[in-house]
1. From (1) within 16 Å of Leu145 (Cα to Cα); (2) loosely packed, with under 15 Cβ neighbours inside 10 Å; (3) in contact with a Gly (Cβ under 8 Å, 6 or more places away or on another chain), pick out the condition that doesn't hold for Trp88.
2. So, in the stretch 183-226, how many residues would count as being of a type in the set (D, E, K, R) and under 19 Å from the mean Cα position of the chain (by Cα)?
3. Suppose the filter is in a loop (DSSP other than H, G, I, E, B) and touching a strand residue (DSSP E or B) at 6+ places or on another chain (Cβ under 8 Å); does Thr117 pass it?
4. Across the stretch 138-181, what is the total count of residues that are more than 20 Å from Leu221 (Cβ to Cβ) and at pLDDT 95 or above?
5. Quick one: which residue in Val101, Val108, Val156 is among the aliphatic types (A, V, I, L, M), out of contact with any Phe, Trp or Tyr (no Cβ under 8 Å at 6 or more places or on another chain), under 30 Å from Asp200 (Cβ atoms) and surrounded by fewer than 16 Cβ atoms within 10 Å (Cβ to Cβ)?
6. Go through (1) part of a loop (DSSP other than H, G, I, E, B); (2) in contact with a His (Cβ under 7 Å, 6 or more places away or on another chain) one by one and return the number of the condition Leu70 breaks.
7. Conditions: (1) surrounded by 14 or more Cβ atoms within 10 Å (Cβ to Cβ); (2) farther than 19 Å from Gly128 by Cβ. Tyr167 meets all but one. Number of the miss?
8. Could you give me the residue pairs with C-beta distances under 7 Å whose first residue belongs to the stretch 111-130 and is on the phi > 0 side of the Ramachandran plot, whose second residue is in a loop (DSSP other than H, G, I, E, B) and surrounded by fewer than 16 Cβ atoms within 10 Å (Cβ to Cβ) wherever it lies, and which are 6+ apart or on separate chains?
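The values are calculated or read from the model by the stated rules, or taken from the named source; none is laboratory data. Only a predicted model underlies this, so the values are computations on that prediction, with no experimental measurement involved. Note that we place each Cβ from the backbone using ideal geometry, even for glycine, and neighbour counts take in every protein chain shown.
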Amino acid sequence: MERLAAWLVHAYTAAGAVLALLMVHFSYQHEVTTVLWLFLAAMVVDGTDGMVARRLRVKEHVPELDGALLDNIVDYLTYVLAPMVLLWANGYLPDGAWGGVVASLPVVASCYQFCRTDAKTDDHFFLGFPSYWNVVAFYVVVLELGATTTTVLLVVLSVLVFVPIKYVYPSRTETFWYANMAGATAWLVLFGVMTALLPDVPLGLTLLSMAYLAYYVVESLWLTFRSRGKPVGVAAPQPAP
């Protein structure tokens, strides 16, 4: 029974690949709102499967399947590839071949990040911009950003993939864990509300959702500065039980 439960958790994670396939399909159908709902579904799966897997000791019961690799494959599809397809297929990038070039920058940069052995540090941070391209695409749509602004944004964030800033991993970073999880959960709720209100999202609601992003960035920069001098990927000392 425990082994079956473990396999069901893997199936739950793998469902994200199907969501990614649907994202690509509906992107080319120009059903942007549908794709955003699929983004939300994929983020809920990604935000919960790891916690369930650890609780059910999935690695112990199904040792022949690498759950971390499965998670990375699904995350690359839903957080990187599908968002770039959405932007490119729906006119948010430059026309012609240049649109493909711009879309390729996050795709290639994220290949590097997903293959880094220290992309997720031992003290549970992401190293470098953590490929939240679905979040970027969401705000491009909500704010109706033009191709030039979107291009600049993608280029800057692609560069930040290679800059060794430690970004909070909301469900695993121990510092301010409760605040991080509360903020991330509230942001997901706002994501759903804003998607339902498209294309007429109130500015106040957009700013409220971006307040969490500001908190996330400031906290990540502060924790990176605080850990300066410590080897990257080495866990901070934990208090005695």
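1. (2)
2. So the count comes out to 1.
3. No: the conditions fail for Thr117.
4. The qualifying residues number 16.
5. Val156
6. Every condition holds for Leu70 apart from (1).
7. (2)
8. Within 7 Å, the pairs are His124/Glu174; Gly128/Phe162; Gly128/Val163; Gly128/Pro164.
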